[in-house]
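S.K.: I have a structure I would like to understand better, so I am pasting it below and will then ask my questions one at a time.
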Amino acid sequence: MHVLSYDVIMGISQALDIAENRHKALIVWQESAPFCAGANLYEVLMSAKYGKLEQKAGLMGKLKQKVVETVSDLPKLEENMPNVKDVIVQLQKVFMRLKHGPVPTIAAVNGIALGGGCELLLHCDRVVASLESYIGLVEIGVGVLPAGGGCKEMALRASIDAKGNEIFPFVVKYFENIAKATVATSAIEAKEMGYLRSADKIVMNPNEILHVAHSEAKALANSYTPPWQVPIKVAGDGGRATIQAQLLNYFEGDFISEHDYNIAIQIATVMTGGDVAPNTMVSDERLLNLEAEHFITLMKTKKTQARIEHMLKKGKPLRN
């Protein structure tokens with residue numbers, strides 16, 4: 001299963017270096033499906049257990065890591081791997097380079113693009129996806145939120161969709177997709193949900209994906225100008241309060257757990273821009289900082305760590 005590990009993040013960064021210096025475009029693809037099943041949950045969980053969320057592991061954390069790696073057959077964490085917050089910052093920077101760098105970027109997607117895989121394609125100039133693609137931001141299932149720019153990007157798309165009108169109805173649609181971990185079961189549905197744009201291409205035959213991606217790369221490279229970073233209109237604290245009231249109804253009706261409620265509130269906080277007035281214009285950077293902050297907050301909870309551990313062991317979500 002292809003996952004977004006720290007090594008993969010650094011690999012994409014190196015690929016961008018090469019593309020920017022020697023080529024006219026970059027295509028991100030996997031020779032075999034799936035495209036990307038999300039973040040490397042093992043790296044995230046073990047970093048939390050070793051005390052490497054916001055700083056390097058202390059003496060006790062290093063000792064615990066040494067003992068675990070000695071007595072078990074679990075994979076070892078890279079010694080030079082940064083703490084989780086620094087990895088998030090690196091990931092966000094790489095994805096922003098995909099979107100705003102000097103060469104066009106194309107995601108050639110076949111099969112699953114979930115979590116970090118979905119965030120990757122959201123930041124590419126063009127997506128070429130097979131019809132049978134499964135795309136979505138599913139992080140709530142493991143107790144966290146999208147922190148690679150997924151919340152930021154969907155807030156931006158809501159701002160663009162609103163076209164100067166009231167922002168709340170547009171952002172709440174995308175919030176619900178993330179809070180419910182809704183997965184598009186086809187590329188057509190992914191367009192309806194906003195994960196793919198009107199200009200993105202859907203390919204019936206998966207064997208033609210790379211060919212179509214090459215054609216798109218050539219077309220974009222002919223007169224490419226990187227997209228500007230534009231201010232994002234957010235729903236602010238008023239929008240968050242409205243969402244929170246609805247979530248409270250779900251919680252009191254036993255439709256969601258207390259932890260689901262807490263995670264969803266943090267997703268709403270990011271997507272509505274934090275403590276700002278409704279219809280405030282904010283920067284990409286503000287939303288990315290909020291993503292990282294609230295991801296770390298959730299990773300510190302035992303219930304989130306239990307969700308990740310359960311997913312790694314059982315392959316299905318834990319509703320705690």
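The values are calculated or read from the model by the stated rules, or taken from the named source; none is laboratory data. These figures come from a predicted structure and were not determined experimentally. Please note: Cβ atoms are built from the backbone with ideal geometry, for glycine as well, and neighbour counts cover all protein chains shown.
S.K.: Confirm whether GLU139 is at pLDDT 95 or above, out of contact with any Cys (no Cβ under 8 Å at 6 or more places or on another chain) and charged (D, E, K, R).
M.R.: Working: at pLDDT 95 or above: yes; out of contact with any Cys (no Cβ under 8 Å at 6 or more places or on another chain): yes; charged (D, E, K, R): yes.
Judged against the criteria, GLU139 is a match.
S.K.: While we're on this one: Among the candidates LYS56, LYS85, LYS64, single out the residue that is basic (Lys, Arg) and modelled with pLDDT of 90 or more.
M.R.: LYS85
S.K.: Evaluate the following for ALA277: is it surrounded by 14 or more Cβ atoms within 10 Å (Cβ to Cβ) and in contact (Cβ under 8 Å) with a residue 24 or more places away in the chain?
M.R.: Details: surrounded by 14 or more Cβ atoms within 10 Å (Cβ to Cβ): no; in contact (Cβ under 8 Å) with a residue 24 or more places away in the chain: yes.
No, not satisfied.
S.K.: Would you please name the residue that is surrounded by the most Cβ atoms within 10 Å (Cβ to Cβ), looking only at residues in the stretch 249-274 that are touching a Gly at 6+ places or on another chain (Cβ under 9 Å) and aliphatic (A, V, I, L, M)?
M.R.: The extreme case among them is MET271.
S.K.: Okay, moving on. Could you pull out the residue among ALA162, ALA158 that is in contact with a Phe, Trp or Tyr (Cβ under 7 Å, 6 or more places away or on another chain), touching a residue at least 12 places away in the same chain (Cβ under 8 Å), within 27 Å of LEU220 (Cβ to Cβ) and surrounded by 24 or more Cβ atoms within 10 Å (Cβ to Cβ)?
M.R.: It is ALA158.
S.K.: On to the next question. Applying the selection to the stretch 280-289, what residues are buried (at least 16 other Cβ atoms within 10 Å of the Cβ) and either out of contact with any strand residue (DSSP E or B) (no Cβ under 9 Å at 6 or more places or on another chain) or not in a helix (DSSP H, G or I) (or both)? Steps first, please.
M.R.: First, pick out the residues of the stretch 280-289 that are buried (at least 16 other Cβ atoms within 10 Å of the Cβ): 280, 282, 284, 286-289.
Passing the criteria: THR280, VAL282, LEU288, ASN289.
S.K.: Shifting gears a bit: Given the structure, is GLN266 part of a helix (DSSP H, G or I), within 17 Å of the chain's Cα centre (by Cα) and touching a residue at least 40 places away in the same chain (Cβ under 8 Å)?
M.R.: On the way: part of a helix (DSSP H, G or I): yes; within 17 Å of the chain's Cα centre (by Cα): yes; touching a residue at least 40 places away in the same chain (Cβ under 8 Å): yes.
Judged against the criteria, GLN266 is a match.
S.K.: Another question, then. Can you pull out every residue in the stretch 221-248 that is over 30 Å from GLY101 (Cβ atoms) and surrounded by 11 or more Cβ atoms within 10 Å (Cβ to Cβ)? First the steps, then the outcome.
M.R.: As a first pass, look at the stretch 221-248 and keep what is over 30 Å from GLY101 (Cβ atoms): 236-248.
Hits for the stretch 221-248 are GLY236, ASP237, GLY238, GLY239, ARG240, ALA241, THR242, ILE243, GLN244, GLN246, LEU247, LEU248.
S.K.: Quick test of your reading of the structure: PHE95 fulfils all but one of (1) of a type outside the set (D, E, K, R); (2) at pLDDT 90 or above; (3) surrounded by fewer than 21 Cβ atoms within 10 Å (Cβ to Cβ). Name the failing condition by number.
M.R.: With respect to (1) of a type outside the set (D, E, K, R); (2) at pLDDT 90 or above; (3) surrounded by fewer than 21 Cβ atoms within 10 Å (Cβ to Cβ), PHE95 is out only on (3).
S.K.: Within the stretch 114-133, which residues are within 18 Å of GLY38 (Cα to Cα) and out of contact with any Gly (no Cβ under 8 Å at 6 or more places or on another chain)?
M.R.: Answer for the stretch 114-133, where residues must be within 18 Å of GLY38 (Cα to Cα) and out of contact with any Gly (no Cβ under 8 Å at 6 or more places or on another chain): LEU121, CYS124, VAL127, ALA129.
S.K.: Taking only pairs six or more apart or across chains, which ones have beta-carbon atoms under 7 Å, a first residue in the stretch 19-46 that is closer than 22 Å to SER215 by Cβ, and a second residue that is hydroxyl-bearing (Ser, Thr, Tyr)?
M.R.: Once the first residue is closer than 22 Å to SER215 by Cβ and sits in the stretch 19-46, its partners that are hydroxyl-bearing (Ser, Thr, Tyr) give LEU26/THR105; VAL28/THR105.
S.K.: Let me ask something else. In the stretch 290-305, what residues are in contact (Cβ under 8 Å) with a residue 40 or more places away in the chain and in a helix (DSSP H, G or I)? Show your work before the answer.
M.R.: Residues of the stretch 290-305 in contact (Cβ under 8 Å) with a residue 40 or more places away in the chain: 290-292, 294-296, 298-301, 303-305.
Of everything in the stretch 290-305, those that are in contact (Cβ under 8 Å) with a residue 40 or more places away in the chain and in a helix (DSSP H, G or I) turn out to be LEU290, GLU291, ALA292, HIS294, PHE295, ILE296, LEU298, MET299, LYS303, THR304, GLN305.
S.K.: Do we have any residue at all in the stretch 129-139 that's in a helix (DSSP H, G or I) and within 14 Å of the chain's Cα centre (by Cα)?
M.R.: Filtering the stretch 129-139 for residues in a helix (DSSP H, G or I) gives 139.
Of the ones still in play, those that are also within 14 Å of the chain's Cα centre (by Cα) are 139.
Yes, there is a match, as at least one residue in the stretch 129-139 is in a helix (DSSP H, G or I) and within 14 Å of the chain's Cα centre (by Cα).
S.K.: Also: Name the single residue that is surrounded by the most Cβ atoms within 10 Å (Cβ to Cβ) among those in the stretch 165-189 being under 20 Å from ALA277 (Cβ atoms) and either at pLDDT below 95 or out of contact with any Asp or Glu (no Cβ under 8 Å at 6 or more places or on another chain) (or both). So that I can check it myself, show each step before the final result.
M.R.: In the first step, residues of the stretch 165-189 are kept if they are under 20 Å from ALA277 (Cβ atoms); the result is 165-172, 175.
In the following step, the residues that additionally are either at pLDDT below 95 or out of contact with any Asp or Glu (no Cβ under 8 Å at 6 or more places or on another chain) (or both) were identified as 165-169, 171-172, 175.
On the way: ASN165: 10, GLU166: 13, ILE167: 24, PHE168: 21, PRO169: 12, VAL171: 27, VAL172: 20, PHE175: 25.
Among residues in the stretch 165-189 that are under 20 Å from ALA277 (Cβ atoms) and either at pLDDT below 95 or out of contact with any Asp or Glu (no Cβ under 8 Å at 6 or more places or on another chain) (or both), the one surrounded by the most Cβ atoms within 10 Å (Cβ to Cβ) is VAL171.
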